[in-house]
Amino acid sequence: MNEQSRRILLIYGHPVKDSFSDEIRKYYLQGAGRSGAEIRELFLREMHFDLNFHEGYRGNQELEDVLKKSQQDILWAHHLVFIYPNWWATFPALLKGFIDRTFLPGFAFKYAKGIKLPEKLLKGRTARLIVTMDSPKWYYKYYVKQPGHNAMRKGVLNFCGIRPVKINTLGPVKTASGHKKNQWLKKMEAL
């Protein structure tokens with residue numbers, strides 16, 4: 001597929017307005033727009049849905065219209081871009097709730113009788129995670145062992161057939177100079 005036909009879904013998972021992640025989002029979209037890609041966005045903080053998966057996979061919890069539309073957008077996309085902060089070594093509850101409620105059996109994966117691993121229903125898509133954090137990257141990688149990155153890449157996206165999943169970790173944001181933040185923004189635009 002050429003760049004002109006590439007369809008990108010940006011899933012914005014930061015629950016707080018006016019964060020550095022908002023700037024990242026703007027720069028990424030500018031670059032993607034210039035590449036000729038078609039772009040759709042999901043602003044999770046503006047979507048109204050129940051974060052709780054009340055009965056888990058045993059129940060029959062009705063999907064809100066906004067989540068049904070999100071599933072359509074995921075199927076439409078060739079490339080998924082998630083932008084979110086790293087909180088408590090993973091990701092905000094808002095993003096976790098979205099994943100729990102949207103990446104469901106029959107949509108993202110499907111088990112077949114007698115087969116231990118599920119069929120991956122979202123094959124043919126790629127993803128990028130753009131993650132901000134206040135911890136040093138070395139601390140997150142070597143001491144904490146990147147649980148959020150592993151959960152998103154392996155536990156969610158690869159599990160559903162989405163690969164490769166590339167990750168950009170930006171941090172520590174809290175102590176970054178204006179110059180460093182501008183370097184990050186330019187890099188996000190170039191992606």
Computed label-point distance, nm, for sites residue 68 and residue 138 using a 7 Å Cα→Cβ extension: 5.2 nm
Point-charge dipole on Cβ atoms (K/R +1, D/E -1) for the chain, about Cα centre, debye to 20: 880 debye
Heavy-atom accessible area per residue - the range 1-149, 1.4 Å, Å²: 55 Å²
Cα lying deepest toward the dipole's positive end in the range 1-83, options 80, 54, 13, charges on Cβ: 80
Amide hydrogen neighbours beyond the local backbone of residue 128, cut-off 5 Å, H modeled: 80, 81, 82, 166
Rounded tilt (10° steps) of 93-102 against the dominant C-alpha axis of the chain: 30 degrees
Answer label, with Cα Rg over 2.2 N^0.38 Å calculated from the coordinates and candidates (1) 1.04; (2) 0.97; (3) 1.30: (1)
At 0.890 mPa s and 25 °C, Stokes D of the range 64-145 from Kirkwood alpha-carbon radius, µm² per second: 164 µm²/s
Ordering of 152-162, 99-109, 181-191 by burial proxy (mean other Cβ atoms within 10 Å per residue, highest first): 152-162, 99-109, 181-191
Total charge dipole magnitude, the range 140-191, about the Cα centre, Cβ charges on Lys, Arg, Asp, Glu only, Debye to nearest 20: 120 debye
Fully extended contour minus Cα-Cα distance, from residue 61 to residue 46, at 0.36 nm per residue: 3.3 nm
Sequence-separation-based contact order of the range 96-174, relative, with Cα cut under 8 Å and 6+ spacing, percent: 38 percent
Cα gyration tensor, the range 101-168 - rounded (a/c under 1.5), prolate or oblate: prolate
Cα shape, the range 1-56, gyration tensor, a/c 1.5 rule: oblate
Cα shape, the range 1-110, gyration tensor, a/c 1.5 rule: oblate
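The values are calculated or read from the model by the stated rules, or taken from the named source; none is laboratory data. Because the structure is a prediction, the values reported are computed rather than measured. A quick note on method: Cβ atoms are made from the backbone with ideal geometry, for glycine too, and the neighbour counts reach across all protein chains shown. Please note that ligands, DNA and RNA were not included when accessible areas were found on the heavy atoms of the full protein model with its side chains. Shrake-Rupley method; radii C 1.70, N 1.55, O 1.52, S 1.80 Å.
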